[in-house]
Amino acid sequence: MINVKDKSSMQTNDKYFQLFTQPTQRLQTLIIGRLMATFLLLVASWFWNSGNVKLSFEDFPRGLFFVFLISVGLTIIYFFVMRLNKSYRWQIRIQFFLDALLITWLVWRTGDLTSPFITLYIVLIGVASLFLPSLETLLTAVLCLCLFILLSVVVTVLPHYSIGGTVPEMTKAVQIISFHTVAFLVVGLLAARLSSRHASGEQLKEATKSLASLRALHERIVQSIRSGLITTDLEGNIYTFNTAAEEITGYKAELMQGRTIFSLFGSIEQSIVPAVDATLEGEPSPRHETDIMTPDGFAVHVGYGISPLFSETGEMSGLIITFQDLTEVRSMEESVRRKDRLAAVGRVAAGLAHEIRNPLGAMRGAIQVLQSQTPPDTAQASLMEIILRESDRLNKIITNFLTYARPRVNNFSEIDVREAIQDTFTLLKHSPDVLDGHSFEFKAPENPVLISADPTQLKQIFWNLARNSLNAMREGGKLSVELANLPSKRIQIIFTDTGCGMSPEQVERLFEPFSDSTTGGTGLGLSIVYQIVRDHSGTINVRSRENDGTTITVELPCEFRSANGSIESENGEAATQPSRLESFLTVKSNERN
């Protein structure tokens, strides 16, 4: 059986060789380095024996040359074994053992205890510290010491076995052996320490590399999360700000890092304590909602949750805030609620219109008969004129209501949006509502902007939006219209006025039928605009501040439609018509500066 301690030692050694042995490269370095060192030692000895620059074959170190030949043979064998056997750990051990034997033979051949090549033992121990664990490095030093002592004892006790030179007397021999014993042990201990430090350094490199990989993986995971994620310290200073957070808030991570979380979410101190308590008690963290102001002045409605961030020691070190953009969700919910209300209105629209129009027509006819028989300058004639005028206004309300409520038959055709806006401006400039203080500006591309739309309904959108802007600028102002092509095969029309603006509550209910109108109309004009934009698979966005004007952005798709109403691509192939849910209304109000 294998002892647990021995097994642990084996695992440590295996780990050492996994860290320090890049299988072929390091072993090749050892083999080739040994051969080069032997060759340099041979040449250096030849120069030393010659005593001058001129070399003589008489002074050639034949013993060292024999060692070099053995090294060449062993190098060939080592490379051959390396290709056949992948147990590099044992190959390194065997090579160092053979090196110790070869050095012992060289010392024996070149002077025994007085040989200058005894130093090679120390070199061998130092090199072993680069390839072996600390314990095996120390064992290598012990092996070299044992071989040297054995050689010393043999040549001292049996002088006739000495080949390289004169054997010193016993006292001097003991001194030499003792000195080298201390030297070998000290170098062995230092080499073992060096090997241990080398192993620690390699382990530190490996741990650093693993830590860097884990950190990169952590950053990739955080950045790939589709929910906004922010981490802070205990003071609320932002540390992590992922890509989704940038997309939702409109702020860059570089700008937000170091800033306080309260500058983005406002006063959320009351939400932090319950969230931390819920986490510590093992309960789900409560969800909260708030508005975040983007750099462009839009209010993004988000839902967020707060969790405590703990360090490795289990202490609370900060907060984790995850949040999602609920603006579209809330807009879709509001759109669904609006459609539910309109569905009820639509069910009674047809019958209500006929029930009102029929008696209204009879009343108007009777008043006209009476008016024809009444002198024009009397009070009765003035009252009849008021009744006729109000009946016309009531008839107009009913007509607008039917336009809004009844199903439409859209006649889509290719139209240049620039011409539709210019026609609207031409009619608008001749309207009695235009004052001397009103000015108009139209920015559009030089090339035609073609889309597939109902020309009549498209002009109705522009007319209603322009009239609404004029009514908001009763004392004069500027109406700007900007037309642009978007990269996603859509166009964008932006109406901007310098009128009185609206409150957030008015913006929220702007497209509801019969909502409180700021212009004195029936409250159906913008509801009809919304209906037409939705029928064209577009979106409409409103941004307004009180006493600071209003900006309305309409986006419409550019796809062409076939006669049956299906969308076609540019090559004529039919494509799937977008879902009605995709044509939701996004109303974002700017509630604070």
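Could you please tell me which pairs satisfy a Cβ distance under 6 Å, a separation of 6+ or placement on different chains, a first residue in region 463-485 that is closer than 15 Å to His438 by Cα, and a second residue that is among the aromatic types (Phe, Trp, Tyr) and open to solvent by 30 Å² or more (accessible area, probe 1.4 Å)? Cβ pairs passing all conditions: Leu479/Phe440; Val481/Phe442.
Matching residues to (1) buried (at least 18 other Cβ atoms within 10 Å of the Cβ); (2) in contact with a helix residue (DSSP H, G or I) (Cβ under 8 Å, 6 or more places away or on another chain):
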position	(1), (2)
Leu189	no, yes
Ser195	yes, yes
Leu211	no, no
Glu219	no, no
Asp233	no, no
Thr243	no, yes
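I'd like the full set of residues that are in a loop (DSSP other than H, G, I, E, B) and modelled with pLDDT of 85 or more, limited to region 504-536. Talk me through it step by step, then tell me what you get.
Kept after step one, since they are in a loop (DSSP other than H, G, I, E, B), are these residues of region 504-536: 509-524, 536.
Listed by number, the list holds a single entry, His536.
Scanning region 467-480 for residues that are within 20 Å of Ile528 (Cβ to Cβ), out of contact with any helix residue (DSSP H, G or I) (no Cβ under 6 Å at 6 or more places or on another chain) and open to solvent by less than 30 Å² (accessible area, probe 1.4 Å) turns up Ser469, Leu470, Ala472. Restricting the search to region 353-378, which residues are assigned to a helix (DSSP H, G or I) and open to solvent by 70 Å² or more (accessible area, probe 1.4 Å)? Across region 353-378, the qualifying residues are His354, Glu355, Arg357, Asn358, Met363, Arg364, Gln368, Val369, Leu370, Ser372.
Per-residue answers, yes or no, for (1) modelled with pLDDT of 80 or more; (2) open to solvent by 60 Å² or more (accessible area, probe 1.4 Å):
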position: Glu390; (1), (2): yes, yes
position: Asn400; (1), (2): no, no
position: Phe412; (1), (2): yes, no
position: Ile415; (1), (2): yes, no
position: Ala420; (1), (2): yes, no
position: Asp423; (1), (2): yes, yes
position: Leu428; (1), (2): yes, no
position: Val434; (1), (2): yes, no
position: Asn447; (1), (2): yes, yes
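Checked against the criterion of being closer than 30 Å to Ala253 by Cα and either in a helix (DSSP H, G or I) or not hydroxyl-bearing (Ser, Thr, Tyr) (or both), region 192-208 contains one or more residues that satisfy it. Residue check: Phe131 meets all listed conditions (1) open to solvent by 10 Å² or more (accessible area, probe 1.4 Å); (2) of a type in the set (Phe, Trp, Tyr); (3) over 16 Å from Leu190 (Cα atoms) but one, namely (3). Yes or no: region 80-103 includes at least one residue that is acidic (Asp, Glu), modelled with pLDDT under 75 and assigned to a helix (DSSP H, G or I). Scanning region 80-103 turns up no residue that is acidic (Asp, Glu), modelled with pLDDT under 75 and assigned to a helix (DSSP H, G or I). The listed residues are Tyr251, Tyr239, and the only one of them that is open to solvent by 10 Å² or more (accessible area, probe 1.4 Å), within 12 Å of Leu319 (Cα to Cα) and among the aromatic types (Phe, Trp, Tyr) turns out to be Tyr239.
Here is a yes/no grid of residues against (1) more than 18 Å from Met316 (Cβ to Cβ); (2) open to solvent by less than 50 Å² (accessible area, probe 1.4 Å); (3) among the small types (Gly, Ala, Ser):
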{"position": "Gln257", "(1), (2), (3)": "yes, no, no"}
{"position": "Leu264", "(1), (2), (3)": "yes, yes, no"}
{"position": "Ser267", "(1), (2), (3)": "yes, no, yes"}
{"position": "Pro295", "(1), (2), (3)": "yes, no, no"}
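Evaluate region 227-236: report whether one residue or more is under 30 Å from Leu147 (Cα atoms), among the β-branched types (Val, Ile, Thr) and touching a residue at least 40 places away in the same chain (Cβ under 8 Å). No. Restricting Phe57, Phe47, Phe65, Phe39 to residues that are aromatic (Phe, Trp, Tyr), open to solvent by 50 Å² or more (accessible area, probe 1.4 Å) and modelled with pLDDT of 75 or more narrows the list to Phe39.
The values are calculated or read from the model by the stated rules, or taken from the named source; none is laboratory data. Everything numeric in this text was worked out from a predicted model, so none of it was measured. Here Cβ is always computed from backbone atoms with ideal geometry, including for glycine, and neighbour counts include all displayed protein chains. What goes into the accessible areas is simple: the full protein's heavy atoms, side chains included, and nothing from ligands, DNA or RNA. Shrake-Rupley method; radii C 1.70, N 1.55, O 1.52, S 1.80 Å.
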